[in-house]
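A.B. asks: Below you will find the structure I want to go over with you.
The values are calculated or read from the model by the stated rules, or taken from the named source; none is laboratory data. Keep in mind the model is a prediction, meaning the values are calculated, not measured. Neighbour counts are summed over all protein chains in view; Cβ atoms, including those assigned to glycine, are modelled from backbone coordinates with ideal geometry. To get the accessible areas, we keep the full protein, side chains included, count just its heavy atoms, and leave off ligands, DNA and RNA. Shrake-Rupley method; radii C 1.70, N 1.55, O 1.52, S 1.80 Å.
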Amino acid sequence: MSQAFLEVKELTKKFGGLTAVNDVSFSMERHQIIGLIGPNGAGKTTLLRLMTGILKPDTGSVRFMGQEMAGKKTWDIVNKGMVSTFQNMRPFRRLPIIANVMVACLCPRALKRGEWVKKIEAKAMDALEFAGISDMAKENASVLSQGDLKRLEVARAIATEPELLLLDEPFGGLSPAETDLMAKSIKRLHKGGRFGRLHSEGPAMIIVEHKLQWLMMIATRIIVLSFGTVIADGPPEEIIKNPTVVEAYLGQGGN
Ligand SMILES: Nc1ncnc2c1ncn2[C@@H]1O[C@H](COP(=O)(O)OP(=O)(O)OP(=O)(O)O)[C@@H](O)[C@H]1O
Ligand SMILES: [Mg+2]
């Protein structure tokens, strides 16, 4: 039997009396783009943080490409090929934007033998170009708007050349026109091969988003969390008609 690309099993995380992630299990294939949705506070960000080693689960496992990731250090998980962007962005504000991405290029899996500063700079530029902020590369990250910080996050993540890219609200703070552009870029990235030396094969993705109309155009499968539990998992066209999902959203004032 071939091993799953990603297998999350019975993952649980409590914060005091609150169960933020409650017995979550799912697996995914290398070619998929999963949309992870659910009302505010459903546990989406916590789930990504458990997968990328920022938080340690109370119980459960995260098997990625045949290895256990739960409880490992974030650096080791990135180096294995799973990387996440953050809902709350924290760039090195006093460094130029391009330097923020060059730091990510220093990840050993992205840093091939014999690559020196010029090559790293070119690679960082590719990532910035993909994210749509290459014209600002030399300015300090402190000048970036909310939307542009989002783009920097994406550039930093793809510069590590991930196998699995986790995006936490990539459309957050973007205007409708910017959201369109980002959605197209994400689709192209998944197809692979378009961004300079980056990604001959595009990464698998898990995308957390509240902007469902855009997410539904990208994702091939949707997982719905509510109060830390998976309440639905299936193709987008089925999920939007699912009464339990509609109820979970309407119960919280809708989205
Ligand atoms: N470090 C923490 N300490 C205590 N409680 C936390 C912590 N992180 C998250 N929580 C709580 O866990 C629950 C899930 O939060 P989480 O941020 O994962 O939700 P989310 O689905 O990402 O929500 P949103 O859509 O608003 O980003 C919330 O009730 C939140 O208040
Ligand atoms: Mg969140």
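A.B. asks: Check Arg63, Arg109, Arg49 and return the single one that is out of contact with any strand residue (DSSP E or B) (no Cβ under 7 Å at 6 or more places or on another chain), more than 15 Å from ligand 1 (Cβ to nearest atom) and open to solvent by 20 Å² or more (accessible area, probe 1.4 Å).
C.D. replies: Arg109
A.B. asks: Shifting gears a bit: Can you pull out every residue in region 32-46 that is open to solvent by 30 Å² or more (accessible area, probe 1.4 Å) and over 13 Å from Ile207 (Cβ atoms)?
C.D. replies: Residues satisfying the conditions are Asn40, Gly41.
A.B. asks: A further question on this structure: Identify all residues within region 11-22 that are within 21 Å of the chain's Cα centre (by Cα) and open to solvent by 70 Å² or more (accessible area, probe 1.4 Å); write none if there are none.
C.D. replies: Passing the criteria: none in range.
A.B. asks: Still on this structure, I have one more. Answer with yes or no whether Thr244 is of a type in the set (S, T, N, Q), loosely packed, with under 14 Cβ neighbours inside 10 Å and over 17 Å from the mean Cα position of the chain (by Cα).
C.D. replies: Values: of a type in the set (S, T, N, Q): yes; loosely packed, with under 14 Cβ neighbours inside 10 Å: yes; over 17 Å from the mean Cα position of the chain (by Cα): yes.
Considered against the rule, which asks whether it is of a type in the set (S, T, N, Q), loosely packed, with under 14 Cβ neighbours inside 10 Å and over 17 Å from the mean Cα position of the chain (by Cα), Thr244 comes out as yes.
A.B. asks: Within region 54-64, track down each residue that is in a loop (DSSP other than H, G, I, E, B) and modelled with pLDDT of 95 or more.
C.D. replies: Those that are in a loop (DSSP other than H, G, I, E, B) and modelled with pLDDT of 95 or more: Leu55, Lys56, Pro57, Asp58.
A.B. asks: Run down Val83, Val101 and say which single residue is over 22 Å from Val24 (Cα atoms), under 18 Å from the mean Cα position of the chain (by Cα) and among the aliphatic types (A, V, I, L, M).
C.D. replies: Result: Val101 is the single residue among Val83, Val101 that is over 22 Å from Val24 (Cα atoms), under 18 Å from the mean Cα position of the chain (by Cα) and among the aliphatic types (A, V, I, L, M).
A.B. asks: Does Leu225 satisfy the criteria of being of a type in the set (A, V, I, L, M, F, W, C), closer than 30 Å to Glu247 by Cα and touching a Leu at 6+ places or on another chain (Cβ under 6 Å)? Can you show your working first?
C.D. replies: Details: of a type in the set (A, V, I, L, M, F, W, C): yes; closer than 30 Å to Glu247 by Cα: yes; touching a Leu at 6+ places or on another chain (Cβ under 6 Å): no.
Taking the combined requirement at face value, the residue does not satisfy it.
A.B. asks: Of the residues Lys73, Lys80, only one is of a type in the set (Lys, Arg), surrounded by 16 or more Cβ atoms within 10 Å (Cβ to Cβ) and more than 16 Å from ligand 1 (Cβ to nearest atom); which?
C.D. replies: So the residue among Lys73, Lys80 that is of a type in the set (Lys, Arg), surrounded by 16 or more Cβ atoms within 10 Å (Cβ to Cβ) and more than 16 Å from ligand 1 (Cβ to nearest atom) is Lys80.
A.B. asks: A further question on this structure: Pairs, please: C-beta under 7 Å, at least 6 apart or cross-chain, first residue in contact (Cβ under 8 Å) with a residue 40 or more places away in the chain and in a loop (DSSP other than H, G, I, E, B) and in region 25-45, second more than 16 Å from ligand 2 (Cβ to nearest atom) and open to solvent by 50 Å² or more (accessible area, probe 1.4 Å)?
C.D. replies: Partner pairs satisfying both residue conditions: Gln32/Thr220.
A.B. asks: Out of (1) outside any helix (DSSP H, G or I); (2) touching a residue at least 40 places away in the same chain (Cβ under 8 Å); (3) not aromatic (Phe, Trp, Tyr), what's the single condition that is false for Asp126?
C.D. replies: Tallying (1) outside any helix (DSSP H, G or I); (2) touching a residue at least 40 places away in the same chain (Cβ under 8 Å); (3) not aromatic (Phe, Trp, Tyr), Asp126 fails exactly one: (1).
A.B. asks: Still on this structure: Check region 138-146 and report whether any residue there is outside any loop (DSSP other than H, G, I, E, B), open to solvent by 10 Å² or more (accessible area, probe 1.4 Å) and among the acidic types (Asp, Glu).
C.D. replies: no
A.B. asks: Can you work out which of the residues in region 75-113 that are in a loop (DSSP other than H, G, I, E, B) and touching a Pro at 6+ places or on another chain (Cβ under 7 Å) is nearest to Glu153 (Cα to Cα)?
C.D. replies: Going through the qualifying residues, I end up with Thr85.
A.B. asks: Just to be sure, is Ile186 part of a helix (DSSP H, G or I), at pLDDT 85 or above, farther than 15 Å from Glu209 by Cβ and open to solvent by less than 30 Å² (accessible area, probe 1.4 Å)?
C.D. replies: No: the conditions fail for Ile186.
A.B. asks: Now for a different question. Here are the criteria: (1) at pLDDT 95 or above; (2) more than 16 Å from ligand 2 (Cβ to nearest atom). Tell me which single one Thr46 does not satisfy.
C.D. replies: (2)
A.B. asks: Report yes if Ala127 is under 19 Å from Met205 (Cβ atoms) and surrounded by 20 or more Cβ atoms within 10 Å (Cβ to Cβ), otherwise no. Even if it seems obvious, please write down each step before you answer.
C.D. replies: Values: under 19 Å from Met205 (Cβ atoms): yes; surrounded by 20 or more Cβ atoms within 10 Å (Cβ to Cβ): yes.
So Ala127 fits the description; yes.
A.B. asks: Among (1) within 16 Å of ligand 2 (Cβ to nearest atom); (2) more than 19 Å from Val208 (Cβ to Cβ); (3) among the aromatic types (Phe, Trp, Tyr), which single condition is Trp75 missing?
C.D. replies: Condition not satisfied by Trp75: (1).
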